[in-house]
Every structure is written in C-alpha cells, then in structure tokens.
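Beneath this line is the structure, given in structure tokens, with notes to follow.
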C-alpha cells in the first residue's frame, strides 16, 4: 500500500498506509456528490509515481531476501562439504592404508566405489541446495485509487 500527497510524494511508511486503508474500509463513506473530478494527466502522473515508488520498495525487499537466502544457502553448502569431505578423507586414508598393506583388489575397488559415491552425492546435494538460491520476483498491481480527505 502506498499513499502519495498531492505533490506525488509518499506521505507515510507502508505499515501506516495499511492502517489508513483499514480505517477507510471500516469508517469511510461514499461521497454524497456525483464524484471526484481529477485531471487525467494528474491521475496518470500519480499512477506512474506510485508504481515507481512501489518497484523501488519491492527491489529493496527482494535484495534483503536475496542476501538472507544467499547466507542460508552458503551455510548449508558449507555444512554439506564439511560432512562429506570428512567422510571422503577418512575413506581415502583407509584406501591408502589398504594399498600399503596389500589388501585384495576387490576390497580396494569397494573403497574406491565408496569414495566415488560420496563425491557424487556431495555434488548432487550441492546442486540441489544451489537451486534454492533463486528466489521468486513476481508481483502484479491489484488496484489504485484516489482518496479525497475532507
């Protein structure tokens, strides 16, 4: 919700504008006269200014949401990497030890397969979490109007 002055400047914060709308719905009355006369050019200018201000607010909100979401995704990826890299490192150590000890090839293949599976799982999970980095940006105007305060 956005309220502009006659000079087309925002007159209050969004929360206060919502309160004004609530008061209009609960306590407002229909004009007793035929209606409010307004210059179409002035109405168009008001609409353009309101849309510009609204888009500016949406951009600020989306930027903050994106920063918060990026931080969440980064923390999740770091957590996945720490978990999987620790497991992969342990398996690599086991593989190296098994090679030095001359263990059977079948056992070595099993360890290599486990390492490859863990690396693949890590990549898959990183990709899944990375997909959560994108946030939606859809909006549509609902209505606009002229408020006459008497």
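What are the residues in the range 116-126 that are closer than 12 Å to residue 87 by Cα and either in contact (Cβ under 8 Å) with a residue 12 or more places away in the chain or outside any helix (DSSP H, G or I) (or both), if any?
118, 119, 121, 122, listed by residue number.
Kindly establish whether residue 45 is modelled with pLDDT of 85 or more and either assigned to a loop (DSSP other than H, G, I, E, B) or more than 31 Å from the chain's Cα centre (by Cα) (or both).
No, not satisfied.
Could you list all residues from the range 91-106 that are closer than 23 Å to residue 122 by Cβ and surrounded by 13 or more Cβ atoms within 10 Å (Cβ to Cβ)?
Within the range 91-106, 91, 92, 94, 95, 98 meet the criteria.
Just checking, which of 102, 113 is farther than 30 Å from residue 21 by Cα, more than 21 Å from the chain's Cα centre (by Cα) and assigned to a loop (DSSP other than H, G, I, E, B)?
Details: 113 fails: assigned to a loop (DSSP other than H, G, I, E, B).
Residue meeting the stated conditions: 102.
Sort out which residues of the range 4-13 are exposed (fewer than 15 other Cβ atoms within 10 Å of the Cβ) and not in a loop (DSSP other than H, G, I, E, B), and write them in order of number.
Selection gives nothing.
Does any residue in the range 1-14 that is in contact (Cβ under 8 Å) with a residue 24 or more places away in the chain and on the phi > 0 side of the Ramachandran plot come within less than 7 Å, Cβ to Cβ, of a residue that is surrounded by 15 or more Cβ atoms within 10 Å (Cβ to Cβ) and not in a loop (DSSP other than H, G, I, E, B) six or more places away or on a different chain, and which pairs are these?
Close Cβ pairs satisfying both conditions: 8/46; 8/49.
Listed residues 23, 63, 93; which is in a helix (DSSP H, G or I), within 30 Å of residue 138 (Cα to Cα) and at pLDDT 85 or above? Let's see the steps before the verdict.
On the way: 23 fails: at pLDDT 85 or above; 93 fails: within 30 Å of residue 138 (Cα to Cα).
Only one candidate qualifies: 63.
Being exposed (fewer than 11 other Cβ atoms within 10 Å of the Cβ) and either under 24 Å from residue 138 (Cα atoms) or in contact with a helix residue (DSSP H, G or I) (Cβ under 9 Å, 6 or more places away or on another chain) (or both): is that true of residue 44 here?
Criteria met by residue 44.
The values are calculated or read from the model by the stated rules, or taken from the named source; none is laboratory data. This structure is a prediction, so every number in the text was calculated from the model and none was measured. So basically every Cβ, Gly included, is an ideal-geometry build from the backbone, and we count neighbours across all protein chains shown.
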